[in-house]
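> I'd like to ask some things about the structure below.
The numbers here are math on the coordinates, done by the rules we state, and not lab data. As the structure is a computational prediction, the values presented were derived from the model and not from experiment. Cβ sites come from the backbone with ideal geometry, for glycine too, and all protein chains shown count toward neighbours.
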Amino acid sequence: MNTIKNVLIPVENGYDTLDVQIVDNAIAAISPGIDATKSAINGTNKLLLPGFINAHTHSSEMWQRGIMSGFPLELWLAELYDFAPLDIEKVYLSALGTAVETLLSGGTTVVDHLVLIPGKELETIATAVRAYKEVGIRAFVAPLIQDESLSAGIPSGESEQTHEPYFRSTQATLEIISEAVKQFHRPDEGIYIATAPTGIQLCSDALFTGCIELSEKYDLCRHSHLLETKAQEKLAQEKYGCSAVEHLKRIGYLSDRTSLAHCVHLTEADITILAETKSTVVHNPLSNLRLGSGIAPILKYRQAGVNVTFGCDGASSNDSQDLLEAIKIGSILHNVTDFDYQHWITPRQAIEMASLGGAKGLNMADELGSLTVGKKADLVMYDLTSLSLLPRTDPIGLLVLGRPTNVVDSVWVNGKQIVADGKVKTIDVDNLRQELFSHSQWQTTRKSQTVAQIEAHYRTVMGL
Ligand SMILES: [Zn+2]
C-alpha cells in the first residue's frame, strides 16, 4: 500500500490538493486526510496524472535514430530495413531504452509494433517481453507482420510491376503470432500480445482475416498503420478499387479494439466509417513531419467523434521517444490546419487524449486512463518545482505547451512504483547507457542498395 499525500490533482475547474491511496494494483481512495503514517509519499508541490500511452512505436528503430536520410516513407523503409539490427541483444537494449524514455516522459504503457528478426521471430518477441517485464512498464507487444515484399508497397502506376514473393508464408506468419499469444500474452502481468498486420500496403486479405480470427479467439487488440502516405492512398485504389478504410471495414478489421497509426490521407466517408466502427486513430505528428507524410486531419476526427490518441512512432522517424513532445506538437500543429480556434486542442484535452484516449484504443477504458477509484494505479507524478515548470502558472498548460525536462518524479504501473526521485528503480539505467554506447559507433553517411533499386520507379509513379 502507498498513499500519496497532498498531491495536486486536476478537477473540473482547476486543481485540488488531495491524498491518493494505492492498494495492490488499484487506486483505492482519492480524498483529503487519508491516514497513512507508514506508507506516505510526499506529494507536496507535485502534480499527479494518469499515465499516458505511447500508442505506436517500433522499439528497435532506436538504433538508427538521427541517421536516416530525408526520404518519404516508401524509400525510408527501404533504407531502414537495409540497416535494421539483426542481433537479439540489440532488440533487448532498444526495448529497455524505449521503455525508459516513455516512462520519463509521462507514459506508463507502450505499444511496440515490433520489427521481427527473420528466422528469429519468437526469440525477438520473447526478448522484448523480457525487457518490458524487467522495467515494469505495461506493454502491448504487437509483432509487425506482412506477407508481401517491400516493393509491393509502391503503386504500379502505368507500369507492369512484378514483386518477389515474401520469404515466409501467410500461414507460417499466423502460426508465429498464435504461438506468441500462448507463450507471452499475460494481461494479469501487464504483457499483452496484439495482432499487428503492418498495413494494407504489404498485407493480403488472408493475413488480415487470420489476424481477425486470432483477435476474436484470444481477445487481442488489433494494430496497424493506415494511410500514412499519398502513395498508400493511390495503392489502395489500385489494389481494391476503393479506399483502404472501406476495404478494411468490408473485411471486418475495424472495431473498438482496433488502433490505426497515422491516418493522414482519409476522406470524409472514411472518417465516418472510423467513427461508426469505434476505431482509434493514433496521431504520430513528429513522424509525419519527419517523413513528409502530411498532417493528419485530427480536429476533423475529433469533431466526427473518432477517438484519437498519441504515439511517438519508432525513433528512426522521430528521432526521439519523448511522449510529452509528441503531445505538444500533436496538439498545436492543428492551430495551423484549422482556422476555427474553438476547435483547437487545449492542454487538458491533450492530456485526456494521451491517457483515456489511449486506454480506449486498447479496449481498456474501464481499467486505465483516468484518476478514478477502482481503476488500475498507472500513475505519473510530476515535480512542479523543476526549473522548466517554473514560475508557477497552470501546471497542465506548462506541462503540455512548455518544454518540460526531467520533470517526472515518480511512476507507478499496476500499483508498483517503478520510478522514484526521477530515477528508474527496476533496471540500472547507467548500465543501459554504457551498453547502448558500446553496441554502436559514430556514423555519418551510408548507402542503401534497396533505395537505389526502387527510387526511379517511385519518382515516376509519384510524378516527381
Ligand atoms: Zn509506425
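> Add +1 for every Lys or Arg and -1 for every Asp or Glu among the other residues with Cβ under 9 Å from the Cβ of residue 320, and state the total.
Result for the local shell: -3.
> Now for a separate question. Mind checking the angle between helix 121-135 and the chain's longest principal axis? C-alpha axes, 0 to 90 degrees, to the nearest 10.
20
> Pop out the ³J(HN,Hα) list for region 399-415 in order, Karplus 6.51 cos²θ - 1.76 cosθ + 1.60 with θ = phi - 60°, rounded to Hz; leave Gly and Pro as x.
Per residue, the Karplus-derived 3J(HN,Hα) values read 5, 7, 8, x, 10, x, 10, 6, 9, 7, 8, 9, 9, 10, 10, 6, x Hz.
> Given the -39500 (n - 2.57) contribution per DSSP H run of 4+ residues, what per-residue ellipticity at 222 nm results for the chain, rounded to the nearest 500 deg cm²/dmol?
Values: 16 runs with 160 residues, N = 464.
Computed mean residue ellipticity for the chain: -10000 deg cm²/dmol.
> With charges set only on the Cβ (+1 for Lys and Arg, -1 for Asp and Glu), what does the dipole of the chain come to about its Cα centre, in debye to the nearest 20?
My answer is approximately 700 debye.
> Putting +1 on Lys and Arg Cβ atoms and -1 on Asp and Glu Cβ atoms, find which of 211, 194, 166 reaches farthest to the positive end of the dipole of region 157-232.
194
> Given contacts defined as C-alpha pairs under 8 Å and at least six residues apart, what's the relative contact order of region 38-101, whole-number percent?
Once normalised by length, the contact order is 39 percent.
> Which value, in debye to the nearest 20, gives the size of the charge dipole of region 49-98 about its Cα centre, when Lys and Arg are +1 and Asp and Glu are -1 at the Cβ?
Details: 2 positive and 6 negative charges, 42 e Å.
That gives a dipole near 200 debye.
> Next question, about the same structure. Whole angstrom only: what separates the Cα centroid of region 291-337 from the Cα centroid of region 253-281?
When both Cα centres are located, 15 Å separates them.
> How are the Cα pair distances of region 62-190 distributed, in percent, across 10 Å bins from 0?
11, 37, 35, 15, 3, 0
> Mind putting together the pair-distance distribution for region 329-401? All Cα pairs, 10 Å bins, whole percent per bin, short to long.
In order of increasing distance, the bins hold 18, 37, 34, 11, 0 percent.
> On to the next question. May I ask you to derive the FRET efficiency for residue 346 and residue 242 from their Cβ-Cβ distance with R0 = 25 Å, giving the value to the nearest 0.05?
The computed FRET efficiency comes out at 0.10.
> For the pairs 90/217; 120/416; 46/423; 38/416, note any where the Cα-Cα span goes beyond 22 Å.
Going by Cα-Cα distance, 90/217; 120/416 fall outside the 22 Å limit.
> So how far apart, in nm, are the two label points at residue 390 and residue 160 if each is 7 Å from Cα heading toward Cβ?
My value for the distance between the label points is 7.2 nm.
> Now for a different question. What's the local net charge at residue 447, with K and R +1, D and E -1, over the other residues with C-beta under 10 Å away?
Details: positive: 446; negative: 79, 82.
Overall, the nearby charge balance is -1.
> Just rank 63, 412, fewest to most, by other beta-carbon atoms within 10 angstrom.
63, 412
> Separate question: Explain nothing, just the number: dipole magnitude of region 186-293 about its Cα centre with +1 on each Lys and Arg Cβ and -1 on each Asp and Glu Cβ, in debye rounded to the nearest 20.
Around 220 debye, computed over region 186-293.
> Report the relative contact order of region 1-113, percent, no decimals, based on alpha-carbon pairs under 8 angstrom and at least 6 residues apart. Kindly include the intermediate steps, with their values, before the conclusion.
Numbers: 164 pairs, mean separation 29.6, N = 113.
Across region 1-113, relative contact order equals 26 percent.
> Which residues does the label zone of residue 171 cover in region 182-224, counting backbone N under 15 Å from a point 7 Å along Cα→Cβ?
The answer is 206-207, 210.
> Further question: How much of the DSSP bridge set in the chain is antiparallel, in percent, rounded to the nearest 5?
Once the DSSP bridges in the chain are tallied, antiparallel ones form about 50 percent.
> Let me ask something else. Charges on Cβ only, +1 for Lys and Arg, -1 for Asp and Glu, centred on the Cα centroid of region 1-113; of 25, 15, 84, which one is farthest towards the dipole's positive end?
15
> Can you give the Rg to Rh ratio for the chain, taking only C-alpha atoms and Rh from Kirkwood?
0.96
> Taking 8 Å as the Cα distance limit and 6 or more residues as the minimum spacing, I'd like the relative contact order of the chain as a percentage.
Numbers: 965 pairs, mean separation 90.6, N = 464.
For the chain, the relative contact order is 20 percent.
> Mind checking the angle between helix 170-184 and the chain's longest principal axis? C-alpha axes, 0 to 90 degrees, to the nearest 10.
20
> Here's something else I'd like to know. Provide the per-residue ³J(HN,Hα) series for region 142-159, in order, calculated from phi with Karplus coefficients 6.51, -1.76, 1.60 and θ = phi - 60°, each as a whole number of Hz, with x at glycine and proline positions.
Each residue's phi maps through the Karplus curve to give 10, x, 6, 10, 8, 9, 10, 7, 3, 5, 5, x, 9, x, 7, x, 6, 7 Hz.
> Here's something else I'd like to know. Measure nothing but the geometry: give the 0 to 90° angle between the long axis through the Cα atoms of 230-240 and the longest principal axis through the Cα atoms of the chain, rounded to 10°.
Tilt of helix 230-240: around 60 degrees.
> A follow-up question, please. When the Karplus curve 6.51 cos²θ - 1.76 cosθ + 1.60 is applied with θ = phi - 60°, which whole-Hz ³J(HN,Hα) does each residue of region 248-259 get, with x for Gly and Pro?
5, 5, 4, 8, x, 7, 7, 6, 6, 10, 9, 10
> Among 348, 302, rank each residue by its count of other Cβ atoms within 10 Å, from fewest to most, as a rough exposure measure.
Sorted ascending by nearby Cβ count, the order is 348, 302.
> Around residue 181, what is the net charge, scoring Lys/Arg as +1 and Asp/Glu as -1 over all other residues with Cβ under 15 Å from its Cβ?
-3
> For residue 142, enumerate residues with amide H under 5 Å from its amide H, sequence gap 5+ or separate chain, H modeled in the peptide plane.
Counting only residues 5 or more places away or on other chains, the set is 112, 113, 114, 194.
> Over what distance in Å are the Cα centres of region 137-168 and region 44-115 separated?
20
> So, one more: Testing the spin-label approximation: label points 7 Å from Cα along Cα→Cβ at residue 462 and residue 440. State their distance in nm.
Taking the two extended label points, one gets 2.6 nm.
> With the dipole of region 382-464 worked out from charges on the C-beta (+1 for Lys and Arg, -1 for Asp and Glu) around the Cα centre, which of 462, 400, 444 lies farthest toward the positive end?
The residue sitting farthest along the positive end of the dipole is 462.
> Amide H neighbours of residue 41 under 5 Å, counting only residues 5+ apart in sequence or on other chains, H built in-plane at 1.01 Å?
3, 4, 5
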